[in-house]
Amino acid sequence: MAGNPITLPELGGGATEGELVAWLVEPGETVEDDQPIAEVETEKSVVEVPAPAAGTVTERLVEAGSTVEVGAEIGRIEPGESTPTDDAVDTPAEQDDAPADEVGVPDERVFAPPRVRRLARELGVDIAGVEGSEAGGRIGEADVRAAAEREAEPEDSGPKPFTPSGKSAVSKREADSDTGVDGPKPVTPSGEAAVSPAGSDDAEPAAVAYTSQYDTAVVNDLEALRAELDPHAAEQGVELTLLPLVIKAVIRTLADVPALNATVDADGTVDQREATHVGIAVATDDGLAVPVVEDADETALVDLAAEIGDLVDRAEAGDLTAAEADGATFTVTTPGAIGDEYATLPIEGDRTASLTLGAIDHRPVVADGEVVASETLPLSLAVDSRVVDPTEAAAFVEGVVGYLESPNRLLLGSV
Amino acid sequence: MADGETTDTELAIIGAGPGGYVAAIRAAQYDLDVTLVERDAFGGTCLNTGCIPSKAYITATDIAHEASNAELMGVSANPEVDLETMTEWKDGVVDQLTGGVEKLCQANGVNLVEGTARFVDDHTLRVDGADVESIAFDNAIIATGSRPIEIPGFSYADEPVWSSTDALAATEIPDRLVVVGGGYIGMELSTVYAKLGTEVMVVEMLDDILPQYGPDITRIIRSRAEDLGIEFNFGEGASEWTETDDGIVVESETEAGESSTYEADNVLVAVGRAPVTDTLDLGEAGIETTDSGTIPTDDRMRTDVDHIFAIGDVAGDPMLAHAASKEGIVAAEVAAGEPAAMDVQAIPAAVFTDPEIGTVGMSVSEAEEAGFEPVVGEMPFRASGRALTTGHTDGFVKIVADEESGFVLGGQIVGPEASELVAEVTLAIELGATLEDVASTVHTHPTLAEAVMEAAENAAGQAIHTMNS
């Protein structure tokens, strides 16, 4: 047999076998390293099997529809340079020989308007694998954009064992149809619709060991800065609270301590994130909701304030879409969401750290040997101890406190 | 081949029917250099010998028929039909539309070539009968359409034997017409001639008309056709015809070998249409057809040769003008590098019988087969105020939806203006609308369209003008 074996990798979620539902390549087809070559369905999800190397797929040893154990050989590949696929233009080709980045049209009924289906093709998203957040599970533009972003992210950081296609989340029967046509759902911290039925396959956060770090920032100067800037923000129609300033401090510190701006999958593979998407946990009637400010590090303060205000308002009203609560790389829990001072919350989703803000209040602070009442902000940081070193956690808290207590320093790195 | 007679183009399109001309204009909108080759008439079968002329005759004969059957409304008339004038009017409509197609193409910068094209290789066409002898193309779209199928013993070259094209260009109204085939073309033209006073006999191999539809629909159409005087003989295939002193005799046979004979003046053969792919030398371009002559395509309308597309009737079912146009738009956009695909959720179909049929998406049984648990809402036109005022109350609107999610899956409409009404259900399907979305949309009163809303309400058990079962 020509070439090296292609074996079925770990499927995640504890699955030891899966059904190979479809081959995505023909024998003789050249593939790039990591290119999806087959789809395998487990009880929980559909996952794409990546090519182990660039080369030519020489054999498919398993028929579509067969059940395969993890580690079993499913095909063979002759390693070598992958060639661009656009040479297909001059050769009579099978229907499957569409350009590699082209997504097909699902055979089954899709509940999404034409412009959304077209957008999915434009972004290279297989719409059959997109979970709809609209009434009855209808797929909207935001769902497709979120799916595109999810698919794009793993490529930032080297090979990962799997790209969950999310397909299993989409089965018509499972798509929260019990809620009928009630509009967007409130969203829980994990990004799932709060009312989604049992059996949803979003991986439960694995029980991870985490360590905590606590400190208190004196925020008299931060409050003074806020008061100074507020009238100017008001001119732009934005009310400036302390929260966007705190988020700015967090973002600046994440740039200094990037280990906390990362995600980690079930296998413990760390994905160091370049983009900074800050999730803001807010208490709602339906539990915590976590709207996400995308690319928060590239957002000016006044825009950050406007966006946070809008997201928090809508989160409290239960009007967030799933897409707006997806993709956080770091989470900040807001004051009042939980307790008054210190609290350690489990780290949500695949993030490696979570910062909880206590209530800002006058508390006794020792200054120059005297106890004085000062505006203070209690901070509680939880980190995934597999990924984040305690010294990094300490450095982060120290950094945030530093920016909060000398907020003018934020200007140095201001965007 | 003389160099001066070769033209280079980014996109060559063969056939200027509703697939080809629409593709040409869309491609030109994307700034492709487009050459459109037509060997017969711009507008293709649809505009010249299909949809448009048949609808002209259907409307004209409807007016005559309605006028002479309106005593109940206090109108008595005995209209005189002048076939020559009717045909001139029809020709005028066709000329206006085909002329419009030509002007639109030119205004969009499409190069028009009149001639017959065939492939020399996968980047070259040879054109006969035109100044341009040869076209070198980057991409090509095959849009050559279809032609009426002939059956053994019935040659369209013989004068008494009509194809649908001949039936739409008759110079005399026959006293007696045998129609072979009870599909939609046979039924539409049977209705036209019955309303012109012709005795019509339909001979159909199967045991019902309109095989794509269920008995809930065909029963209404057949019953109305019989009221118009159309006779049906099912389970028979036409085997031959002979000329007599008094016209012709058409002989038919059952499967068991029993034969019958029908006297007539003409026989219309309407047993389907076959793709026109035999004139193209497709093999030279590396393209193979199926046994039935259609060209396999993918969801981008590409053939096995990626830069050559096939759209419309040559790409197989459904052989409908609006499907061809959509496929043409997809092919043109893909050729222009756009992320288009033939991803429509449903293609509606209309039959212009009396009453009309408009259907789209899934029937109840199709929805069940697809794994849905369907719910159906129905509104009979006899409960519609507007239908009563038109004098046409046969038929219904049925809307099929997924019970759990409410998503609209399909609609079947029989009745006045069903061909128009089906558009609303089609939009609901494409948008992923639910029954509640349709039911909550205010519809103008008094209109037939209210029946669509009422059917959606009925599915939810909330219809106002019918009892909810």
Those residues of segment A:122-134 which are closer than 16 Å to A:E324 by Cα and crowded, with 24+ Cβ neighbours inside 10 Å amount to A:V130, A:E131, A:G132, A:S133
Of the residues in segment B:432-469, those that are of a type in the set (G, A, S) and either farther than 14 Å from B:E378 by Cβ or touching a helix residue (DSSP H, G or I) at 6+ places or on another chain (Cβ under 9 Å) (or both) come to B:G432, B:A433, B:A439, B:S440, B:A449, B:A451, B:A455, B:A456, B:A459, B:A460, B:A463, B:S469
Here the residues within segment A:335-386 that are β-branched (V, I, T) and at pLDDT below 80 are A:I338, A:T344, A:I347
Reported set for segment B:400-415 where residues are under 16 Å from B:M453 (Cβ atoms) and either assigned to a loop (DSSP other than H, G, I, E, B) or more than 22 Å from the chain's Cα centre (by Cα) (or both) is B:V400, B:A401, B:G406, B:V408
Among B:Y184, B:Y213, the single one that is touching a residue at least 60 places away in the same chain (Cβ under 8 Å), farther than 30 Å from B:R118 by Cα, touching a helix residue (DSSP H, G or I) at 6+ places or on another chain (Cβ under 9 Å) and of a type in the set (F, W, Y) is B:Y213
- prompt: Can you find even one residue in segment A:24-44 that is at pLDDT 85 or above, surrounded by fewer than 19 Cβ atoms within 10 Å (Cβ to Cβ) and either more than 11 Å from every other protein chain (Cβ to nearest Cβ) or not in a strand (DSSP E or B) (or both)?
  reply: yes
In segment B:395-425, residues that are closer than 25 Å to A:E108 by Cα, more than 10 Å from chain A (Cβ to nearest Cβ) and among the acidic types (D, E) total 1
Quick check, is B:N108 in contact (Cβ under 8 Å) with a residue 40 or more places away in the chain and surrounded by 18 or more Cβ atoms within 10 Å (Cβ to Cβ)? no
Sole miss for B:K398 among (1) more than 24 Å from A:G136 (Cα to Cα); (2) among the basic types (K, R); (3) touching a strand residue (DSSP E or B) at 6+ places or on another chain (Cβ under 7 Å) is condition (1)
Pairs returned, first residue in segment B:436-449 that is assigned to a helix (DSSP H, G or I), second residue that is basic (K, R), beta-carbon separation under 9 angstrom, 6 or more apart or interchain, are none
* **Condition met for B:I142 (aliphatic (A, V, I, L, M), surrounded by fewer than 19 Cβ atoms within 10 Å (Cβ to Cβ) and at pLDDT 95 or above)** => no
Screening A:A315, A:A328, A:A323, A:A382 for residues that are part of a helix (DSSP H, G or I), within 25 Å of A:A266 (Cβ to Cβ) and within 20 Å of the chain's Cα centre (by Cα) leaves only A:A323
Residue set A:V116, A:V125, A:V105; condition at pLDDT 50 or above, more than 8 Å from chain B (Cβ to nearest Cβ) and closer than 19 Å to A:V21 by Cα; output residue A:V125
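A quick yes/no check of all residues on (1) in contact with a Pro (Cβ under 7 Å, 6 or more places away or on another chain); (2) away from chain A (no Cβ under 14 Å); (3) farther than 30 Å from B:A335 by Cα; (4) not hydroxyl-bearing (S, T, Y):
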{"position": "B:V93", "(1), (2), (3), (4)": "no, yes, yes, yes"}
{"position": "B:F119", "(1), (2), (3), (4)": "no, no, no, yes"}
{"position": "B:L125", "(1), (2), (3), (4)": "no, yes, no, yes"}
{"position": "B:G129", "(1), (2), (3), (4)": "no, yes, no, yes"}
- Query: Hey, does segment B:385-398 have a residue that's out of contact with any Ser or Thr (no Cβ under 6 Å at 6 or more places or on another chain) and among the basic types (K, R)?
  - Reply: yes
A:A359: in the same structural domain as A:T329 (by TED's automatic domain parsing), among the hydrophobic types (A, V, I, L, M, F, W, C) and not in a strand (DSSP E or B), yes or no? yes
Residue hits (segment B:238-267; in contact with an Asp or Glu (Cβ under 6 Å, 6 or more places away or on another chain) and assigned to a strand (DSSP E or B)) are B:S239, B:E240, B:G247, B:V249, B:E251, B:S252, B:T254, B:S259, B:T261
- Quick check: is even one residue across segment B:305-328 within 21 Å of B:A459 (Cα to Cα) and among the charged types (D, E, K, R)? no
- Task: Take B:T434 and decide whether it is in contact with a strand residue (DSSP E or B) (Cβ under 8 Å, 6 or more places away or on another chain) and farther than 19 Å from B:L210 by Cβ.
- Result: yes
Does B:L268 satisfy the criteria of being more than 14 Å from chain A (Cβ to nearest Cβ) and either charged (D, E, K, R) or crowded, with 24+ Cβ neighbours inside 10 Å (or both)? yes
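Residue-by-condition table, conditions (1) touching a Phe, Trp or Tyr at 6+ places or on another chain (Cβ under 6 Å); (2) modelled with pLDDT under 85:
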site	(1), (2)
A:S190	no, yes
A:Y214	yes, no
A:V219	no, no
A:R226	no, no
A:R252	yes, no
A:V264	no, yes
Residue set A:L410, A:L304, A:L357; condition touching a Ser or Thr at 6+ places or on another chain (Cβ under 8 Å) and crowded, with 17+ Cβ neighbours inside 10 Å; output residue A:L357
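The values are calculated or read from the model by the stated rules, or taken from the named source; none is laboratory data. Small disclaimer: the values here were computed from a predicted structure and weren't measured. Glycine also receives a Cβ, built like all others from the backbone with ideal geometry; neighbour counts cover every protein chain displayed.
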